[in-house]
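Only one structure is covered here, and it is reproduced in the block below.
The values are calculated or read from the model by the stated rules, or taken from the named source; none is laboratory data. Since we're looking at a predicted model, the values are computed, not measured. We place every Cβ from the backbone using ideal geometry, glycine too, and count neighbours over all the protein chains shown. Accessible surface areas use protein heavy atoms only, side chains included; no ligands, DNA or RNA. Shrake-Rupley method; radii C 1.70, N 1.55, O 1.52, S 1.80 Å.
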Amino acid sequence: MTATDLPASLISTLPGHYYTDPAVFALEQSRVFETMWFCAVRSADLPTPGKFRKVQVGRESVLVVRGRDGQLRAFLNICRHRGAQICTEDAGEVKRAFQCPYHAWTYDLAGKLVAAPNLTKMPDIDRVQYGLVPVALREWLGYAWVCLAEQPPSFEDDVMGAIAERLGSRESIDGYELDALTVGRRITYDVQANWKLIIENFMECYHCATIHPELTEVLPEFADGYAAQFFVGHGAEFGADVQGFTVDGGEGFDKLPGVDEDHDRRYYAITVRPTVFVNLVPDH
């Protein structure tokens, strides 16, 4: 059966090999993850100079570090001498510089080459030109976003625009003060699925009544299979007897002070391509 043979109520998905073929995934790495803005790390996780985190973006290892001037910067995690990884730990802290474990080329927190064996005997080596390769970085909503493209796409259009497209305006998210929130708990886990399936699952609620009955008790419209991301400016309203966005609908935290009455008792979901989900509720 082809897509044109389907009943009008059904829309064809991508063919199965798009979720399983390593060649397709390789193309996605180069044409999606390595060209678009990627949400890399929460800014507050790197509070002081020398704090760093290693992040995998597509096929590349990227180093995000807090500089001595307080600014976040991102670099490819490769030494300019022979391409060895500068940092092998996922996160950590250095005092003043990064040193390659292979030949000891040393770079300051701004990426400049500051030392290497016999470097004084090589006056033709430009210490800026042979510094770490910079990666584009923008900070927004309390996160550092990086892009590997030589000419990154517009952050205002692709990232901020995705928020505005969903909420109706870019300013609508300001009341949640995401950059001022504190992480209460972080859970990291692997999902045995292709990344596109995770995105698709988040953006629809056809499965909610069956898989998440407690969710549909809190957000009754989800029982009808509607995706909260379908309507611009629309947030799924809490059930009449629901006190908070909790598993049993009981009271949660106090309402965030910046959330206005129009956004109270509503849930908003936003997808920022390729892999960021933003979930907004009145108290967290």
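Annotations
- With loop membership from DSSP and a limit of 13 other Cβ atoms within 10 Å, the longest segment of the chain without trypsin sites (Lys or Arg not before Pro) is 187-284.
- Looking at segment 20-62, the GluC sites (Glu not before Pro) that sit in a DSSP loop and have at most 16 other Cβ atoms within 10 Å of their own Cβ are Glu34.
- Cα centroid separation, segment 1-60 to segment 165-179 (Å): 24
- Charge context of Thr182, other residues only, Cβ under 15 angstrom, K/R +1, D/E -1: -2
- Relative contact order for the chain, counting Cα pairs under 8 Å that sit 6 or more residues apart, in percent: 14
- Here segment 219-284 is assigned +1 on the Cβ of each Lys and Arg and -1 on the Cβ of each Asp and Glu. Its dipole about the Cα centre then comes out at about 400 debye.
- Anisotropy class of segment 38-153 from Cα gyration tensor, a/c 1.5 cut: prolate
- Summed residue charge, Cβ within 13 Å of Tyr19's Cβ, Lys/Arg positive, Asp/Glu negative: -2
- If you model the chain as an ellipsoid using its alpha carbon gyration tensor, with each semi-axis the square root of five times an eigenvalue, the axes come out at 41, 25, 16 Å, biggest first.
- Cα gyration tensor, segment 80-229 - rounded (a/c under 1.5), prolate or oblate: prolate
- Carbon plus sulfur fraction of accessible area for the chain, probe 1.4 Å, in percent: 51
- Which of Pro134, Gln85, Leu109, positive extreme of dipole for segment 38-153 (C-beta unit charges): Leu109
- Ligands, DNA and RNA excluded, the heavy atoms of Trp37 present near 20 Å² of accessible surface to a 1.4 Å solvent probe.
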